[in-house]
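Below is one structure, written out as structure tokens, with a few remarks after it.
The values are calculated or read from the model by the stated rules, or taken from the named source; none is laboratory data. This structure is a prediction, so every number in the text was calculated from the model and none was measured. Glycine gets a Cβ as well: all are built from the backbone with ideal geometry, and neighbour counts include every protein chain shown.
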Amino acid sequence: MTTSGSGSQLRKLIQLATVLLALSASSVSHAAAGWISGSAWSLNQSGGYCPTLTGVNCTGTRYPQTSYNIMWPVPNVVMEIRDNNNVQIGVGSTQTSGNFLVKWTGTASNPNPTQIFVVWWAHHKNNVFRLTHVDGSTHSSQTPWINVVSGTTQGVPQNIGSRVLSSGSADPYWNAYFQTEWQWRQVLAPAGTAFTGTVTNIEMRGFQDDQPSFLGFASSSKTVSPSRRIQLDTNAAFNSQGRSMHEFGHIANYWQRTWAITNSAGTCATCQYDWDGNGGHGWGTYEWGVAGFEESFASLYGTIAFWLSSSSAPTTCSNSTHCYVPAGANWAPGPDTNVEATSYAGATNNCVTTAATPEARKEITHLRFLWDVYDSNQDGTFDDYSSNTSLHWATQLSVFTRYPSGTGLNQLDEPWNSAYTSVSEKDGRASTSFAANYAGIHDVSAMRTRNCSPP
Ligand SMILES: [Zn+2]
């Protein structure tokens, strides 16, 4: 619009503006308000479910195959209502059920919006974490225009029904959100003050192997715990236990008790993946203690997320479907995925002690020890304790707070030399130290021994 029109046009414009001003002035104190309700859903195709296959023992699963590839509620996300000028007129959040009830209030310039739309952000309502795109923008979904029904109230809201946030194929961001929120709500938040308030404002950015402006080059997923950043790789969206849950687990460990993961020169204490001669790692690789323990503890949360402490044969793996492979006419947990398996059942020690391939150094061996401390399934003579039932899950986590400061035996920064210039004890701050620091609560050393004595 321009004001260089003829005199009569200008007068008309001024008259119109005066009328509009009068209208808005009289409406400021009468701005309309209303309420909307409904529920938000998205297609879940997150891996790690217990499959309905012959021979698979799903006793204790929290994530059966019937929960896979179906619509899931979008839980505990920030949402907002915007008017036809794209101005925010209401904020709220979804419940765990995906249900929402949100108030909107017209603005001075648009007191009676006739059309609105709703935006859901992949941002936890308590600001625990958010899922962002590679450019740093938070993922979101929104509705088309919705015609406003006037006169709605909290008790009689405008119900906009069940809204599916992704059409067609499963949305990678909402899936990674589901996985992380599930682990937070069912595993981490119940530990109370161990995590509440410290695990906050975590940015999970995906999905790209290398993100130079974020966490640099890794060719995989990566976490820098002190900076509260997680890089999710191109295969991370549907790989629950091995990616979103695992990486978030690293963050949880660090904020449970901060320590010198890196020194001032940038050397990383936990990156000791080369015991077996190569820098890669997985459940079946052989690692220095500090690396094997840290990776296993990061994955413990994802195991608990999908399995009850009473489970018969819980599994963990890096897979966007499930952890099982054909075994004759049946299916069985794939190699190094059965968390409750033991090579030292009862008094019979069948642990592999071959010099080049010692079972003790496998990452899964550390996890089997940590799971036995947590679980309530009696799978061996000395498996007589459960941090989940006899005490509380937070107790197991509180062990980190019991480590004495320093770089000495079983101390917080044990991997480092006293000057923090090199990683001199690569088996430090691992399962042996964890058991030693647990001793003031309960003697769990036999559980470590009966799981092939991880360092
Ligand atoms: Zn890791």
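Summary of computed values
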read-out: Subset of region 231-242 [touching a residue at least 40 places away in the same chain (Cβ under 8 Å) and either assigned to a loop (DSSP other than H, G, I, E, B) or closer than 15 Å to residue 136 by Cα (or both)]; value: 232, 235, 236, 237, 238, 239
read-out: Qualifying residue in region 388-395 (condition: modelled with pLDDT under 95, over 27 Å from residue 350 (Cβ atoms) and of a type in the set (A, V, I, L, M)); value: yes
read-out: Some residue of region 221-229 being touching a Gly at 6+ places or on another chain (Cβ under 9 Å) and of a type in the set (Lys, Arg); value: yes
read-out: Output for region 432-455, where each listed residue is closer than 16 Å to residue 383 by Cα and of a type in the set (Ser, Thr, Tyr); value: 438, 445, 449, 453
read-out: Residues that are within 23 Å of the chain's Cα centre (by Cα), under 13 Å from residue 431 (Cα atoms) and more than 10 Å from the ligand (Cβ to nearest atom), drawn from region 264-299; value: 290, 292, 293
read-out: Filter result for residue 361 (of a type in the set (D, E, K, R) and either farther than 21 Å from residue 316 by Cβ or out of contact with any helix residue (DSSP H, G or I) (no Cβ under 8 Å at 6 or more places or on another chain) (or both)); value: no
read-out: Selection count where residues are modelled with pLDDT of 95 or more, out of contact with any helix residue (DSSP H, G or I) (no Cβ under 6 Å at 6 or more places or on another chain) and of a type outside the set (Asp, Glu), scope region 166-185; value: 9
read-out: Residue among 348, 342, 407, 421 that alone is out of contact with any Ser or Thr (no Cβ under 9 Å at 6 or more places or on another chain) and surrounded by fewer than 20 Cβ atoms within 10 Å (Cβ to Cβ); value: 348
read-out: Total residues in region 213-259, condition hydroxyl-bearing (Ser, Thr, Tyr) and within 29 Å of residue 169 (Cβ to Cβ); value: 8
read-out: Given (1) among the hydroxyl-bearing types (Ser, Thr, Tyr); (2) under 23 Å from residue 74 (Cβ atoms); (3) over 16 Å from the mean Cα position of the chain (by Cα), index of the condition residue 220 fails; value: (2)
read-out: Filter pass, residue 273 being surrounded by fewer than 23 Cβ atoms within 10 Å (Cβ to Cβ), of a type outside the set (D, E, K, R), without any contact (Cβ under 8 Å) to a residue 40 or more places away in the chain and outside any loop (DSSP other than H, G, I, E, B); value: no
read-out: Near pairs, Cβ below 6 angstrom, 6+ apart or cross-chain, from region 429-440 (within 19 Å of residue 254 (Cα to Cα)) to any residue that is aliphatic (A, V, I, L, M); value: 429/290; 430/290; 435/444; 437/399; 438/399; 438/444
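Yes or no, residue by residue, for (1) out of contact with any helix residue (DSSP H, G or I) (no Cβ under 6 Å at 6 or more places or on another chain); (2) surrounded by fewer than 20 Cβ atoms within 10 Å (Cβ to Cβ):
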residue: 239; (1), (2): yes, no
residue: 248; (1), (2): no, no
residue: 262; (1), (2): yes, yes
residue: 268; (1), (2): yes, yes
residue: 286; (1), (2): no, no
residue: 294; (1), (2): yes, no
residue: 298; (1), (2): no, no
